[in-house]
Structure formats: C-alpha cells, structure tokens
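Engineer: One structure, pasted below without further comment.
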Amino acid sequence: MTDTSTEKLIHAAERFLGKGEQTLTKRERQVLEQALGKRALSQDTSAVFDEKSTFGQRLADGVASFGGSWTFLIIFGVVLLSWVLGNLVLRGEAPDPYPFIFLNLLLSMLAAVQAPVIMMSQNRQAAKDRLVTSHDYECNLKAEIEIMALHDKVDQMRNDDLRALLAKQQEQIDLLTRLVESRVAVAAGQSESK
C-alpha cells in the first residue's frame, strides 16, 4: 500500500468507523480498501461456497434434500405398505412374516445411515449460513461507509454553494455601496453648483 492510500485508509477508519488503523479487523480493513478503491464487494456467496464443496459433501446434500422431500416420503410409504401387505398376503410363505423383523432391521440401518448424512448436510448449511451472514455484514458495512461518504460530499457541496452565494452577496453589496456613494457624490456636486 502506498503512503497516500495508507493515509486515506487511516482517515476513513477514523471518520467512518471511529477506529484507528491498528484496531481495524481484517474484514473492516478489506471493506474500507474496497470502498476507497470504488470496487464492488458483492458476490454470490452460495455459489462460491458450493464451488468449494467436495463430492461427498454434494452427495450428503443430495441425500438430505431427497430424504426430506415429499417424493421420498411417498415412495417410502408405498414400499412399506407393499412390504407389509405382501408379507400378510403370503402368510406361510412370507419371507418376513409378522412382526416384520427383517423390515425393522432395514429401517434401523436406513436410519443409522441417513441421520449422520443429514447432520453433515445441516453442518454444511450452517457453515454456509455463517459465510452468508459474514458477507452480509461486509456489504452492510460498505453501504454505511458509502452513505456517510455521500453525506460528506453533499455537505461539502452545500458549504461550497453557501460560500459562493456569500461571495456573490458581498460583491453585490460592494457594488451597491459604490453606486450609492457615487450617487451621493453626484447629488452633493449638484447641490454645490446651485
């Protein structure tokens, strides 16, 4: 960073955040630098997060997404009902007669596998939410800084306009004063000549 940009960063930190340069967090420094450099901060955080995900993470998300859908519930309900009805109809020749011990084993195994996969997906979603929240904070901070900078510019423009107006008024007062003085001098000259 050049000396000028460091000075701008120090001034912006004190002006907009009320902090010294040394007390800035990494995120605050980054936001200030992007605001001063007039660079965009926004990005699709979800897309960035998803690009970095591994095959296993995407698989866990897919399993959790399917496992929590109406499609899964309907298919699962139809399979269970078919299993139970099929074994009740076949009675003596049923592969899994009542009380359906093999079905209970399969359901237990499904639950044992599905629960950790869903938890992995929820953990990833929580991490994604933290990343989105962090990015939202950065965007909000930059927006606040930009708004404060705009207020400063508007105040500066108003002050410049007031100074220019006062200067014009002073010029007009000076012109009127000279005009009045010249008329008084002309009137005094005319009264002396009489």
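The values are calculated or read from the model by the stated rules, or taken from the named source; none is laboratory data. Computed from a predicted model, the values in this text were never measured in an experiment. With ideal geometry, Cβ positions are generated from the backbone for all residues, glycine too; neighbour counts draw on all protein chains shown.
Engineer: I'm trying to understand the selection: among the residues of the stretch 140-175, which are hydrophobic (A, V, I, L, M, F, W, C) and at pLDDT below 95? Reasoning before the result, please.
Structural biologist: Applying the first criterion (hydrophobic (A, V, I, L, M, F, W, C)) to the stretch 140-175 yields 141, 143, 145, 147-150, 154, 157, 162, 164-167, 173, 175.
Once the filter is applied, which keeps residues that are hydrophobic (A, V, I, L, M, F, W, C) and at pLDDT below 95, the stretch 140-175 yields Leu141, Ala143, Ile145, Ile147, Met148, Ala149, Leu150.
Matching residues to (1) farther than 30 Å from Leu17 by Cβ; (2) of a type in the set (Ser, Thr, Tyr); (3) surrounded by 12 or more Cβ atoms within 10 Å (Cβ to Cβ); (4) in the same structural domain as Gly18 (by TED's automatic domain parsing):
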{"site": "Gly56", "(1), (2), (3), (4)": "yes, no, no, no"}
{"site": "Leu59", "(1), (2), (3), (4)": "yes, no, yes, no"}
{"site": "Gly77", "(1), (2), (3), (4)": "yes, no, no, no"}
{"site": "Pro95", "(1), (2), (3), (4)": "yes, no, no, no"}
{"site": "Ser108", "(1), (2), (3), (4)": "yes, yes, no, no"}
{"site": "Met119", "(1), (2), (3), (4)": "yes, no, yes, no"}
{"site": "Lys128", "(1), (2), (3), (4)": "no, no, yes, no"}
{"site": "Leu131", "(1), (2), (3), (4)": "no, no, yes, no"}
{"site": "Leu150", "(1), (2), (3), (4)": "no, no, no, no"}
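Engineer: What's the number of the condition Phe49 fails, among (1) surrounded by 12 or more Cβ atoms within 10 Å (Cβ to Cβ); (2) without any contact (Cβ under 8 Å) to a residue 12 or more places away in the chain; (3) under 30 Å from Gln125 (Cβ atoms); (4) of a type in the set (Phe, Trp, Tyr)?
Structural biologist: (2) is the only condition that Phe49 fails.
Engineer: Now, a different point. Let me spell it out: the conditions are (1) within 30 Å of Cys139 (Cβ to Cβ); (2) of a type outside the set (D, E, K, R); (3) in a helix (DSSP H, G or I), and Leu41 meets all of them except one. Which number is the exception?
Structural biologist: (3)
Engineer: On to the next question. Any chance you could count how many residues in the stretch 10-28 are of a type outside the set (Lys, Arg) and out of contact with any helix residue (DSSP H, G or I) (no Cβ under 6 Å at 6 or more places or on another chain)? Lay out the reasoning, then the answer.
Structural biologist: We begin by selecting, within the stretch 10-28, every residue of a type outside the set (Lys, Arg); these are 10-14, 16-18, 20-25, 28.
Retained after the next criterion (residues that are out of contact with any helix residue (DSSP H, G or I) (no Cβ under 6 Å at 6 or more places or on another chain)): 11, 14, 17-18, 20, 22-23, 25, 28.
Qualifying residue count, the stretch 10-28: 9.
Engineer: Turning to a different aspect of this structure: Taking Val63 and the conditions (1) within 25 Å of Ser134 (Cβ to Cβ); (2) assigned by TED's automatic domain parsing to the domain that holds Glu138, which numbered condition does it fall short on, given that it satisfies the others?
Structural biologist: Failing condition for Val63: (1).
Engineer: Consider Thr6 against the criteria (1) surrounded by 13 or more Cβ atoms within 10 Å (Cβ to Cβ); (2) more than 20 Å from the chain's Cα centre (by Cα): it satisfies all of them except one. Which criterion is unmet?
Structural biologist: It is condition (1) that Thr6 fails.
Engineer: Determine which single condition Val89 fails, assuming it passes every other condition in (1) β-branched (Val, Ile, Thr); (2) at pLDDT below 95; (3) closer than 27 Å to Asp61 by Cβ.
Structural biologist: Failed condition: (3).
Engineer: Also: Within the bounds of the stretch 83-99, is there any residue that is touching a His at 6+ places or on another chain (Cβ under 9 Å) and outside any helix (DSSP H, G or I)?
Structural biologist: First, pick out the residues of the stretch 83-99 that are touching a His at 6+ places or on another chain (Cβ under 9 Å): none.
Looking for residues that are touching a His at 6+ places or on another chain (Cβ under 9 Å) and outside any helix (DSSP H, G or I), one finds none in the stretch 83-99, hence no.
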